[in-house]
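Worksheet for the structure shown next.
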Amino acid sequence: MTRVWKWNRPVTVREVLEDLQQERSIAYTTVMTVLDNLHQKGWVRRESEGRAYRYEAVSTRAAYAAALMNDAWSQSDNPAAALIAFFGMMSEEQRQALGDAIRIVQGPETPAPNPGSVPDAGER
């Protein structure tokens, strides 16, 4: 998926193969099988082009990551504790990105909470 997302356009097995072969030896049939498996799972769509297919990601890498986070969070028996633990793992840069994302979602009129700060007793 990394290669398909990287190009952000429909790709052939040959293109992915040639890109991967810059780093390691890999067989055409291996790449073809992986792309076919991704198609079967619904992660890529494909369109016939002559005797080959062009594969394209169904969603962006960001949307995929968001779905993974949402799935993990929704399986928690204590979502608030899971978020606190997750925030604790974040770097300062990641917490700033989170603050930016909250501001975007809330809109320009609502000040976003600072995800790196702990609320005082009056905010709890």
- Single residue of Asp19, Asp36 found to be under 17 Å from Lys6 (Cα atoms), open to solvent by less than 70 Å² (accessible area, probe 1.4 Å) and assigned by the TED database to the domain that holds Val4: Asp19
- Message: Criterion first (closer than 30 Å to Asn8 by Cα, surrounded by 14 or more Cβ atoms within 10 Å (Cβ to Cβ) and either at pLDDT 90 or above or of a type outside the set (Ser, Thr, Tyr) (or both)) does Val105 satisfy it?
- Response: no
- Query: If you take the residues of the stretch 22-33 that are open to solvent by 70 Å² or more (accessible area, probe 1.4 Å) and among the β-branched types (Val, Ile, Thr), which of them is nearest to Met1 (Cα to Cα)?
  - Reply: Thr33
- Task: Could you figure out which of (1) within 17 Å of Trp5 (Cβ to Cβ); (2) touching a Leu at 6+ places or on another chain (Cβ under 9 Å) isn't true of Trp43?
- Result: (2)
- Filtering the stretch 51-82 down to residues that are without any contact (Cβ under 8 Å) to a residue 24 or more places away in the chain and surrounded by 13 or more Cβ atoms within 10 Å (Cβ to Cβ) yields Val58, Ser59, Ser76, Ala82
- Task: Give Pro111, Pro115 a once-over and let me know the one that is loosely packed, with under 13 Cβ neighbours inside 10 Å, part of a loop (DSSP other than H, G, I, E, B) and modelled with pLDDT under 95.
- Result: Pro111
- Query: Wholly within the stretch 1-40, which helices (runs of 4 or more DSSP H) include no fewer than the required count, namely at least 1 residues that are more than 21 Å from Arg51 (Cα to Cα), among the charged types (D, E, K, R) and touching a strand residue (DSSP E or B) at 6+ places or on another chain (Cβ under 9 Å)?
  - Reply: 2-7
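The values are calculated or read from the model by the stated rules, or taken from the named source; none is laboratory data. Quantities reported herein were computed from a predicted structural model and do not represent experimental measurements. Neighbour counts run over all protein chains shown; Cβ positions are idealised from the backbone, glycine included. Side chains are part of the model used for accessible areas, which takes the heavy atoms of the whole protein and leaves out ligands, DNA and RNA. Shrake-Rupley method; radii C 1.70, N 1.55, O 1.52, S 1.80 Å.
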